[in-house]
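Asks: The structure's right below; bear with me while I get my questions together.
The values are calculated or read from the model by the stated rules, or taken from the named source; none is laboratory data. From a predicted model like this one, the values you see are computed outputs, not experimental measurements. Cβ placement follows ideal geometry from the backbone for every residue including glycine, while neighbour counts extend to all protein chains displayed.
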Amino acid sequence: MSNNLAIYTKNLTKYYGKLRALNNLNLKIPYGTTYGLLGPNGAGKTTTVKMLNSIIKPSSGDAEVMGYNIVSQKQKVKLNCGFLSESLSIYEKLTAREFLEFVGELYNLPKKLINSRIDEFLKIFDLKKRENHLLEGFSRGMKQKVCLCATLIHDPKVLFLDEPTANLDPIAARIVKNIILDLVKKANKTLFICTHLLDIAKELCDVIGIIDKGVLIIEGSPKEVIDSVNASNLEEAYIKIMKPVDNKDYLAWR
Ligand SMILES: Nc1ncnc2c1ncn2[C@@H]1O[C@H](COP(=O)(O)OP(=O)(O)OP(=O)(O)O)[C@@H](O)[C@H]1O
Ligand SMILES: [Mg+2]
């Protein structure tokens, strides 16, 4: 049903018990697009990417990633996509190198290729000296870098990044942004990025969607979103769209 789309969702909905975390999400994202999903805490961003990576099942509706159904073809989805999770999933008792080798082997990559990719990534992220150290001794930002290496190791065509620069220092965040730009320009990847950082959205994304309480309220290029509310930049547009409570309310507790 999705033809040339990398990501397609049709009325995708998720309930946790009685709580509706995502309400009839419809997305059509062509290959090669960098899509940014924005929205406040609890809006449904992580729920969306978890479903699109076949980690949790939708309550209703349907979705395809690279033409694979997220429920009936979940192995294909997992094999072909890369997912950087918000909650860093690593094995603390492995060294950085062992962990990345393990992930590479899960994807059945040849040993030589795994080793050359690990060398390349650890060098980019300045982790070469720590490659034989246990991950339990890594800082949160260092673990984030290792997880990003693990997400890229099988060179997936479609990448889902949930808060990719969270916990990173400014230089590491810049490296990640450059990697993202490179992946899009040189390797023609499709990226789906959940973020709170409007500079990432503005700088990297062709299309952004803003969700609130599980509902997609606006979608378009950063310029279209800015123009839709006559704002001068994305931050002003986001604030106008989200209509925050008046400042007076923030100060009322004093
Ligand atoms: N496993 C779960 N069980 C119950 N409720 C959940 C579960 N996971 C998420 N929720 C709820 O679903 C809603 C959407 O959560 P989600 O994690 O998708 O938000 P988010 O947009 O990623 O937020 P954040 O910006 O804080 O990461 C929230 O109300 C959250 O409490
Ligand atoms: Mg989240």
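Asks: Being part of a loop (DSSP other than H, G, I, E, B) and polar (S, T, N, Q) is the filter; apply it to segment 174-208 and report the residue that is surrounded by the fewest Cβ atoms within 10 Å (Cβ to Cβ).
Replies: Once the filter is applied, the top-ranked residue is N188.
Asks: Within segment 12-68, can you find the residues that are among the small types (G, A, S), out of contact with any helix residue (DSSP H, G or I) (no Cβ under 8 Å at 6 or more places or on another chain) and within 16 Å of ligand 2 (Cβ to nearest atom)?
Replies: G42, A43, G44
Asks: Confirm whether K57 is within 16 Å of ligand 1 (Cβ to nearest atom), surrounded by fewer than 22 Cβ atoms within 10 Å (Cβ to Cβ) and at pLDDT 95 or above.
Replies: yes
Asks: Which one of V49, V77 is out of contact with any Asp or Glu (no Cβ under 8 Å at 6 or more places or on another chain) and farther than 26 Å from E136 by Cα? Step through it out loud before you land on a result.
Replies: Values: V49 fails: out of contact with any Asp or Glu (no Cβ under 8 Å at 6 or more places or on another chain).
After applying the criteria, what remains is V77.
Asks: Let me ask another. Restricting to segment 224-241, name every residue that is in contact with a Phe, Trp or Tyr (Cβ under 9 Å, 6 or more places away or on another chain) and of a type outside the set (A, V, I, L, M).
Replies: Result: no residue meets the conditions.
Asks: Just wondering, is there one or more residues in segment 148-162 that are in contact (Cβ under 8 Å) with a residue 12 or more places away in the chain, in a helix (DSSP H, G or I), in contact with a helix residue (DSSP H, G or I) (Cβ under 6 Å, 6 or more places away or on another chain) and buried (at least 17 other Cβ atoms within 10 Å of the Cβ)?
Replies: Taking every residue of segment 148-162 in turn, at least one turns out to be in contact (Cβ under 8 Å) with a residue 12 or more places away in the chain, in a helix (DSSP H, G or I), in contact with a helix residue (DSSP H, G or I) (Cβ under 6 Å, 6 or more places away or on another chain) and buried (at least 17 other Cβ atoms within 10 Å of the Cβ).
Asks: Given I226, I211, I171, I218, which one is surrounded by fewer than 16 Cβ atoms within 10 Å (Cβ to Cβ) and either free of Cβ contacts under 8 Å to residues at least 24 places away in the same chain or in a strand (DSSP E or B) (or both)?
Replies: From the options I226, I211, I171, I218, the qualifying one is I171.
Asks: Could you please find all residues in segment 60-78 being away from ligand 1 (no atom under 16 Å from the Cβ) and free of Cβ contacts under 8 Å to residues at least 40 places away in the same chain?
Replies: Residues of segment 60-78 away from ligand 1 (no atom under 16 Å from the Cβ): 62, 64-69, 71-78.
The answer is Y68, N69, V71, S72, Q73, K74, Q75, K76, V77, K78.
Asks: Same structure again: Just to be sure I understand, how many residues within segment 110-124 are buried (at least 21 other Cβ atoms within 10 Å of the Cβ) and either more than 16 Å from A96 (Cα to Cα) or modelled with pLDDT under 95 (or both)?
Replies: 1
Asks: Can I ask one more? If you scan segment 2-54, which residues turn out to be at positive phi, away from ligand 1 (no atom under 11 Å from the Cβ), surrounded by fewer than 22 Cβ atoms within 10 Å (Cβ to Cβ) and not in a strand (DSSP E or B)?
Replies: Keep residues of segment 2-54 that are at positive phi, which gives 3, 11, 17, 24, 32, 39, 42, 44, 54.
Narrowing further to those that are away from ligand 1 (no atom under 11 Å from the Cβ): 3, 11, 24, 32, 54.
With the extra rule that they be surrounded by fewer than 22 Cβ atoms within 10 Å (Cβ to Cβ), the set shrinks to 3, 11, 24, 32.
N3, G32 - these are the residues of segment 2-54 that are at positive phi, away from ligand 1 (no atom under 11 Å from the Cβ), surrounded by fewer than 22 Cβ atoms within 10 Å (Cβ to Cβ) and not in a strand (DSSP E or B).
Asks: Okay, next question. Determine whether F99 is closer than 27 Å to L168 by Cα, touching a strand residue (DSSP E or B) at 6+ places or on another chain (Cβ under 9 Å) and either touching a residue at least 24 places away in the same chain (Cβ under 8 Å) or outside any strand (DSSP E or B) (or both). Lay out the reasoning, then the answer.
Replies: Details: closer than 27 Å to L168 by Cα: yes; touching a strand residue (DSSP E or B) at 6+ places or on another chain (Cβ under 9 Å): no; either touching a residue at least 24 places away in the same chain (Cβ under 8 Å) or outside any strand (DSSP E or B) (or both): yes.
So F99 does not fit the description; no.
Asks: Then there's this: State whether one or more residues within segment 59-71 are in a loop (DSSP other than H, G, I, E, B), under 19 Å from I193 (Cβ atoms) and of a type outside the set (K, R). If you could, list the steps in order and put the result at the bottom.
Replies: First, the residues of segment 59-71 that are in a loop (DSSP other than H, G, I, E, B): 59, 66-67, 70-71.
With the extra rule that they be under 19 Å from I193 (Cβ atoms), the set shrinks to 66, 70.
Then keep just the ones that are of a type outside the set (K, R); that gives 66, 70.
Within segment 59-71 (the criterion being in a loop (DSSP other than H, G, I, E, B), under 19 Å from I193 (Cβ atoms) and of a type outside the set (K, R)), the answer is yes, since at least one residue qualifies.
Asks: Let me ask another. Given the options K93, K111, K74, name the one that is basic (K, R) and closer than 28 Å to G214 by Cβ. Please lay out each step first, then the result.
Replies: Details: K93 fails: closer than 28 Å to G214 by Cβ; K111 fails: closer than 28 Å to G214 by Cβ.
Exactly one residue qualifies, and that residue is K74.
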